[in-house]
1. Which numbered condition trips up Lys106, out of (1) within 16 Å of the ligand (Cβ to nearest atom); (2) within 28 Å of Phe246 (Cα to Cα)?
2. Does segment 306-315 contain at least one residue that is touching a residue at least 60 places away in the same chain (Cβ under 8 Å), under 24 Å from Val111 (Cβ atoms), in contact with a helix residue (DSSP H, G or I) (Cβ under 9 Å, 6 or more places away or on another chain) and in a loop (DSSP other than H, G, I, E, B)?
3. Conditions: (1) within 13 Å of the ligand (Cβ to nearest atom); (2) closer than 23 Å to Ala272 by Cβ. Gly68 meets all but one. Number of the miss?
4. Ile105 versus (1) part of a loop (DSSP other than H, G, I, E, B); (2) crowded, with 19+ Cβ neighbours inside 10 Å: which is the lone unmet condition?
5. Being without any contact (Cβ under 8 Å) to a residue 40 or more places away in the chain and closer than 12 Å to Cys300 by Cβ is the filter here, so list the residues in segment 169-183 that pass it.
6. Go through segment 89-102 residue by residue and tally those that are more than 16 Å from the ligand (Cβ to nearest atom) and either of a type in the set (Asp, Glu) or in a helix (DSSP H, G or I) (or both).
7. Checking the conditions here, which among Ser167, Ser173 is within 16 Å of the ligand (Cβ to nearest atom), in a helix (DSSP H, G or I) and either within 11 Å of Ala57 (Cα to Cα) or not charged (D, E, K, R) (or both)?
8. Would you pick out the residues in segment 222-264 that are of a type in the set (Val, Ile, Thr), under 19 Å from the mean Cα position of the chain (by Cα) and over 18 Å from Met95 (Cα atoms)?
Amino acid sequence: MKKIAGVSVLTLAAACAAGFVMGSMHGRGGPEVALAKAPAPAPPASDGKLRIIFFGAHPDDAEYRGAGVAIKWARLGHHVKFVSTTNGDIGHWQMAGGPLALRRIKEVEEVARRMGVTVEVLDIHDGEIMPTLENRRIITRLIRQWNADVVITNRPNDYHPDHRYTSMLVQDSAYMVTVPFFCPDVPPLKNNPVFLFTSDRFQIPTPFRPDIAVDISDVIEPTLDALLAMESQIHEGGANGHGGLFPADPAARKQRHEQVRKSLSQRYAGLANTYREALVKRYGEERGRKATHAQAFEICEYGRQPSAEELKKIFPF
Ligand SMILES: [Zn+2]
């Protein structure tokens, strides 16, 4: 992980302020060395609630993909964590580097606060994550430290290299989280978690298979309220935006806010229609047909293979 000094210092400052442990914050010798020196936090004691960890490549991916279902889990007292494997420092058309990483950390912290979940942003440059052994160790440790029952990420075939390699790294950790002498500084998990993929539109090599569809109609408003904290990405258009999207004029800003709220809502409405049959299968004809907003997940072949009974416990809504 090569570093531009300014970026490292600024993202580190944000991490410290937020009380987060970033993968590379303990030294410049690389994360393996650094993390080996740092005392590994003990995994949290079990309180009978589920522990779910979502991995996305950028500070918005886990948020979009976790959105409504995370609120549903959080409201039942289950523990949800969003992780961004990069700091998002090139994800804007106008600004980049440390200031952007800091801004995006603040945005996802606000999303997390509104959803009632935990968030962590790794200090790896946006556009540069690779499926390396060092990064496999970082992901393995994060899954263990969260004592995860369920691990969720995107599928590995995706337009963005950071998305592809994040998915690859999570899959590379799917077995290693149970192996005691891989990263022996953090206790291995006794039970291999269930690994799930979020839905996508990619067709090659295989289209997404909706093993589980979740009705999020009842939490769509708080979901939109939470996601709209990410102004740099949503209102301003992120890396492909431009200055005209979110002008200073208050009336124009209000209009843009309403427009992006509507288009976000349509995204989850589209998923309800695309995965309608899976909704009907899960909830029955009446609720399955009525659901206005949804999310869907595919069970990864690696990790624990859940029975139908266990799936009901993992998705108790
Ligand atoms: Zn992304």
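1. (1)
2. For segment 306-315, residues touching a residue at least 60 places away in the same chain (Cβ under 8 Å), under 24 Å from Val111 (Cβ atoms), in contact with a helix residue (DSSP H, G or I) (Cβ under 9 Å, 6 or more places away or on another chain) and in a loop (DSSP other than H, G, I, E, B): present.
3. All conditions pass for Gly68, except number (1).
4. Here Ile105 clears every test but (1).
5. Ser173, the sole residue that qualifies.
6. 3
7. Step by step, each of Ser167, Ser173 is checked, and only Ser167 is within 16 Å of the ligand (Cβ to nearest atom), in a helix (DSSP H, G or I) and either within 11 Å of Ala57 (Cα to Cα) or not charged (D, E, K, R) (or both).
8. The one that is of a type in the set (Val, Ile, Thr), under 19 Å from the mean Cα position of the chain (by Cα) and over 18 Å from Met95 (Cα atoms): Thr223.
The values are calculated or read from the model by the stated rules, or taken from the named source; none is laboratory data. Quantities reported herein were computed from a predicted structural model and do not represent experimental measurements. Glycine also receives a Cβ, built like all others from the backbone with ideal geometry; neighbour counts cover every protein chain displayed.
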